[in-house]
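Everything on this sheet refers to the single structure shown next.
The values are calculated or read from the model by the stated rules, or taken from the named source; none is laboratory data. Bear in mind that the values here come from a model prediction, so they are computed numbers and not experimental data. We place every Cβ from the backbone using ideal geometry, glycine too, and count neighbours over all the protein chains shown. For the accessible areas, the whole protein counts, side chains as well, though only heavy atoms, and no ligand, DNA or RNA atoms are used. Shrake-Rupley method; radii C 1.70, N 1.55, O 1.52, S 1.80 Å.
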Amino acid sequence: MMHRVMAWLLGLDPATSAWDSLHVVFQAPWVRTGLFWALLAIAFLTAAVITAYLRFQPRGPRLVRWILACSRSLLFVVLIAALADPVLQLTLTQQIQPVLYVLLDGSESMQIRDTWTAEQDRELMAAMTGEPKSTSTTDADTVQRARSDYVRAALASPQSVLGPKRLLEKSCAVEWFVFDGTHTSQVHRLLAESTNGASCADAYRPSGQVTALGAALRDLAQQSRRAPLAAVILLSDFVQNAGVSPLEPAGPTAPAERLGVPIYTVGLGPSTTRDVALELQPPPRLKRGEGGGIRVNLTQSGADGELVTVRLLARPLQGTASGLSLGRQLIDERQFKLSAPMEMVDFTWTPDDAGRFELVAEVASLGGESLTQNNVSQREIVVIDDFLRLLYVAYEPGWEWRFVKEVFHRDPLIGMRGFRTYLDSSDLTVRQDNPLFTTSLTPTRRELFANDVVILGDMPGDRLSPRFGQLMQEFVGRFGGGLIVLGGPRFGPQQLLDTPLAEMLPVIVDPKSTVKDSGPFRWQLTPEAAQVDFMRLGDGQPNAPNLGWPPLDDLAWYQPSARLHPLATALAVHPQDRCADGTQPQPLLAMRPYGTRGGKVVYFACDEMWRLRRGYGERYYRQFWSQLISYLGLSHALGSEKRFTVHTDRPRYRSEETVVLTVEAYDQNYTPLTAQGTPMLTGTWEFGGDASGATQPPTQRTVTLNFLRPGIYEARIPATGAGEHRIRVEDPVDHGVREVRFSVDEASAEWRTAVRDVGIQRSIAERTHGQ
C-alpha cells in the first residue's frame, strides 16, 4: 500500500516501478562536523525542560506536567532536525517504456499505381490491414492501386501490424516519421504519439522527388528521444536513387546499422513487372562535322519477343549557329525484337552545329506498363566548334613534351592549331618565327584565357613571374580552366613554393624534399581512381581489372610531398613510401577542384607517363592524355566563349521549381564587368509554341539579370509551363547573342523504375537482424 501511495505522490506508474529503499538524510554541513554537539544539546534541552516542569512547576497533576515536558522537548527536537536540512531519499527501479519508430517512404514512387490481379490485390490488402481477405467479386481482371493506398489502409486498420493499437499492445511508445525531399531524403515527424489511425493515414502524403535511404536512416539516428529505441519498421519500395548506400561501409558506421536496433522492412511494389527502360550513354564531347558513337542500354522485364523502336533525338541547349530550332531533332531510330534482359543499341551522330545539346532516347510504351516515365532517357553532351586549345609550358623539351606534342598534333579535338607551347630555353627567334611557340610566358589576358588547358612542366621558380601565377589562379578559379603540373627531375615542385601556384596544388609541397630515387617501383591505383573518367583505359569499364591499365614499366624516381591537400583526391600512390606524417601513402597522381567554376588541377609526381608507350605504342598513351585533356577542357565554356557565358544551374526542372539563370560577363581583356558600367542585363525568355513556331509562336517574356558581383549577373525565375524553354542574352561588348535552353517537365527520379529493389530490402533486414 505504501508503495502505491508513494508512486501516486511522485507521479509514477506502480506497475513499472519497484521501491528499493527509503531513509532520511540530513544535508546541512554542520551535521557532518558537529553531530555530537547537536545530540548533546538535544539531551541537555530535554533534561532542562523535564526538570523545569517536574521540580519548578508544582501546580497541576503530575501526568499533565509530564505531557507538557515531553511536548516541549519534542518541539526542540523538531526544530533542530529542521535546521539540519532533512531530505527523504527514495531509491526505486523503474522500467522505461521503449520507443518504436515507424518510418514511411514519402517519395513520389509511393504514388505509382501498380497493376495486380484482383486476387493479388485482395491478398495484399489483407496482409497490410490484418483483416480477413475480402470475398467481394469484381468484373475487372486487374486492379491498379497506388502504393500509398496500401500504406494508408495499414495505418487506419486496428488489426494491422502497423495499426497504432496493435503497436501499443507491444508496450512501446510509437513515433511516426516520414522521409522525403527534393535532392536528398530528410526525416520529419508525421505525427506526435497518437492512437488515432485515421489521423496518421490522412497526414501521409508522399511527394519527395528522390529516395536516399542512407540519408534517411542517418537522419533518423539523430532524432532526439527520451527512451531507448526498440526497433524500426521501414516501409518503402527501397529503390535507392540518391545519396549514400544504407549498407556502406560495412560495419557500425553504415546508416542502416548506426541505429543499433533491428529494422523490419515492409516492401511495397512488385519485384518483377512488365517494363522497359532506357539509359543513354553518350561520350562527353563530339566535334562538329565528325561522327561519334552513342550507346543506349535498354533493360526490360516480361517483354521477351516484343518488337520495339528506339529513337534518338537531339535538343540544343546552347548553340553557336543562328538557325537552331527550339525543339528536338530526330537523329536515327532502330527497330528490333527483345530477346534478353539488356540490349545495347548503338547510334552514330554527326552534329552540324556546336554548343551544348541534350540527347534524348525514347521507346514507345509496351502497353500494360505501370511506369512509362523511364521509357525516356536524357543526357547532356558538348559539341566542339573547332578545337580545344592547349598550352604546354616547360623549361626545355623533355620526353613528355615531345610525345604529348605528337599526340595532340594528330588529335581531332586539338590538332595543329590547338597546341601551343612555351619553352624557356628556346631561342627568342624560334619563339617568334615558329607558329608552334608563344613568344611570352605572360601574354595578354585575352590570349591566355582563350586556352582551355595549361600544362606546366619542370620549370625553375625564378622564371615564373608573380603575374603568371596570378593569371593561373584566375584562369582555373574564375574561368574553369584546367591546369596540369608535372613534377620534373631537374627543378621539381619546390620551385613553386614562393609563387601563387603553390596554393593551387593538390599536394602540400615539402620545401626540404628532393628527388627520391631509392629504387624502382610501380605505382598503385587508388579506389577513387575508378570514379574518374580519364583513369579508365582500354574499353573504359570501371570494373575492369586495374581499370584497364597495362603493366606500366618500373618508375625510377618521383618528387615526394609533405601530404595530400585536404580538398584533393589521390588517384595513384607509391606502393611503400608514405608522407612525412606517416598517415598517407605518397601521392603520385592527384587532383583537386579549384575555384567556383569547376576548374581542376592535376599533379604528377614524375613526368614519365611516356612509359605507357613501351610495348604498346601510342594506344594507351594517346587514350590517357586525350581523356585527361577532354576531362579538364570541357568542364566549362571553351576557348573565347569563356568571356560571356549564359547558363542555368540545371538543364531540366520540374514545374514550380526555381531556375537560377547566371551570366558571367567580361570585357575583351577578360576584366569583369562592373555595376558602374553595366548595372543590369536583359534577356528574352521564349517558351511554348511548336518546334518551328510556324503555327503557334512561342510566348516571350523579358528577364532582368541584376548585378551580383563583378562579372556575375543573376536572375531567379519560376519554372512554369512544361516543355522547352530558351533564354537569349545580348553581349554588351560585341552585341552578339548567347542563349541557354532548358526544359520543364513533371517527372522526377522516382518515376524511373516500377520494380521494388528486393536486394536492398533483404540486406537491410539481414544486416540489422530484422525481418
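Taking into account only those residues within region 437-457 that are touching a residue at least 24 places away in the same chain (Cβ under 8 Å) and in a loop (DSSP other than H, G, I, E, B), which is most open to solvent (accessible area, probe 1.4 Å)? The residue in question is 444.
When region 472-483 is filtered for residues that are open to solvent by less than 10 Å² (accessible area, probe 1.4 Å), touching a helix residue (DSSP H, G or I) at 6+ places or on another chain (Cβ under 7 Å) and either outside any strand (DSSP E or B) or among the hydrophobic types (A, V, I, L, M, F, W, C) (or both), the ones remaining, listed by number, are 472, 475, 476, 479, 481, 483. Restricting the search to strands (runs of 3 or more DSSP E) fully inside region 192-295 and requiring at least 2 residues that are of a type outside the set (Lys, Arg) and more than 30 Å from residue 379 (Cα to Cα) gives 229-236, 263-267. Listed by first and then second residue, the pairs with beta-carbon distance under 7 Å, at least 6 apart or on different chains, first residue in region 745-770 and basic (Lys, Arg), second at pLDDT below 75 and open to solvent by 40 Å² or more (accessible area, probe 1.4 Å), are 752/373.
Residues in region 659-673 that are farther than 9 Å from residue 643 by Cβ and among the polar types (S, T, N, Q): 662, 669, 671.
Scanning region 732-757 for residues that are surrounded by fewer than 16 Cβ atoms within 10 Å (Cβ to Cβ) and either modelled with pLDDT of 85 or more or farther than 24 Å from residue 365 by Cβ (or both) turns up 732, 733, 734, 735, 736, 737. Considering each of 741, 756, 767 in turn, give the residue that is within 30 Å of residue 274 (Cα to Cα) and in contact with a Leu (Cβ under 7 Å, 6 or more places away or on another chain). Exactly one residue qualifies, and that residue is 756. Please verify whether residue 299 is assigned to a loop (DSSP other than H, G, I, E, B), more than 30 Å from residue 229 (Cβ to Cβ), in contact with a strand residue (DSSP E or B) (Cβ under 6 Å, 6 or more places away or on another chain) and not acidic (Asp, Glu), treating the condition exactly as stated. Against the criterion (assigned to a loop (DSSP other than H, G, I, E, B), more than 30 Å from residue 229 (Cβ to Cβ), in contact with a strand residue (DSSP E or B) (Cβ under 6 Å, 6 or more places away or on another chain) and not acidic (Asp, Glu)), residue 299 does not qualify. Among the residues of region 370-417, those that are assigned to a strand (DSSP E or B) and within 30 Å of residue 278 (Cα to Cα) comprise 376, 377, 378, 379, 380, 381, 382, 383, 384.
Taken together, 678, 596, 671 contain a single residue that is modelled with pLDDT under 80 and either under 30 Å from residue 536 (Cβ atoms) or more than 32 Å from the chain's Cα centre (by Cα) (or both), which is 596. Looking at the structure I just gave you, is residue 284 at pLDDT below 85 and either open to solvent by 40 Å² or more (accessible area, probe 1.4 Å) or more than 30 Å from residue 728 (Cβ to Cβ) (or both)? In short, yes. All of 313, 324, 359 fail the test of being among the hydrophobic types (A, V, I, L, M, F, W, C), modelled with pLDDT under 90, open to solvent by less than 20 Å² (accessible area, probe 1.4 Å) and assigned to a strand (DSSP E or B), apart from 359.
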